[in-house]
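One structure is given here, and the rest of the page talks about it.
The values are calculated or read from the model by the stated rules, or taken from the named source; none is laboratory data. Predicted model only: the values in this text are computed from it and were never measured. Heads up, the Cβs are rebuilt from the backbone with ideal geometry, glycines too, and the neighbour counts pull from every protein chain shown. Note: accessible area is taken over every heavy atom of the protein model, side chains too, but ligands, DNA and RNA are not part of it. Shrake-Rupley method; radii C 1.70, N 1.55, O 1.52, S 1.80 Å.
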Amino acid sequence: MAQTAQKNIRFTFEEWIRVEKEARERNISPNRLVVELAMEGLERREWPRTEAETHLLRSAMFTAQAIICDMEKNGREEEIDQISRNISEVAPELPRNLAKDPQDSAGSTSENL
């Protein structure tokens, strides 16, 4: 079985209700649905095409940053480097015009990962 990490992602109540409903329709757990949708989004070459996909990207970036901080705190820098290399091999860089959203007042970019 693959090694997994337990992390928290924050949803609004309405968002989580929607996730649970969709998961029930697919006969999978809500957590599995979130993972599958995130992975599907990461695998698309033309992503993000919609506002929903942009929100998913921001959530994934936030989650990745939280995981990296936790791993650094636990002295797992070598694993972070390996993960980064693996991601670089299978996922293309975001186009520059998508890497930074001018409406994002926090100034988040893909470089924060």
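What pairs come up if the first residue lies in the stretch 4-21 and is under 16 Å from Arg32 (Cβ atoms), the second is in a loop (DSSP other than H, G, I, E, B), and their beta carbons are under 8 Å apart, counting only those six or more places apart or on different chains?
Val19/Phe11
Answer yes or no as to whether Trp16 is at pLDDT below 85 and aromatic (Phe, Trp, Tyr).
On the way: at pLDDT below 85: no; aromatic (Phe, Trp, Tyr): yes.
So Trp16 fails the test.
Any idea which residue in the stretch 56-93 is nearest to Asn31 (Cα to Cα), counting only those that are polar (S, T, N, Q) and open to solvent by 50 Å² or more (accessible area, probe 1.4 Å)? Spell out how you get there, then give the answer.
Residues of the stretch 56-93 polar (S, T, N, Q): 59, 63, 65, 74, 82, 84, 86, 88.
Adding the requirement that they be open to solvent by 50 Å² or more (accessible area, probe 1.4 Å) leaves 59, 65, 74, 82, 84, 86, 88.
Details: Ser59: 14, Gln65: 19, Asn74: 25, Gln82: 25, Ser84: 24, Asn86: 23, Ser88: 25 Å.
The residue in question is Ser59.
Just the residues that are open to solvent by 100 Å² or more (accessible area, probe 1.4 Å) and in a helix (DSSP H, G or I), please, taken from the stretch 14-37. Break it down stepwise before answering.
From the stretch 14-37, those open to solvent by 100 Å² or more (accessible area, probe 1.4 Å) are 14, 18, 21, 24-27, 31-32; that's our starting set.
Hits for the stretch 14-37 are Glu14, Arg18, Lys21, Arg24, Glu25, Arg26, Asn31, Arg32.
Listed residues Arg49, Arg10; which is in a loop (DSSP other than H, G, I, E, B), open to solvent by 60 Å² or more (accessible area, probe 1.4 Å), over 24 Å from Ile83 (Cα atoms) and modelled with pLDDT under 90?
Values: Arg10 fails: over 24 Å from Ile83 (Cα atoms).
So the residue among Arg49, Arg10 that is in a loop (DSSP other than H, G, I, E, B), open to solvent by 60 Å² or more (accessible area, probe 1.4 Å), over 24 Å from Ile83 (Cα atoms) and modelled with pLDDT under 90 is Arg49.
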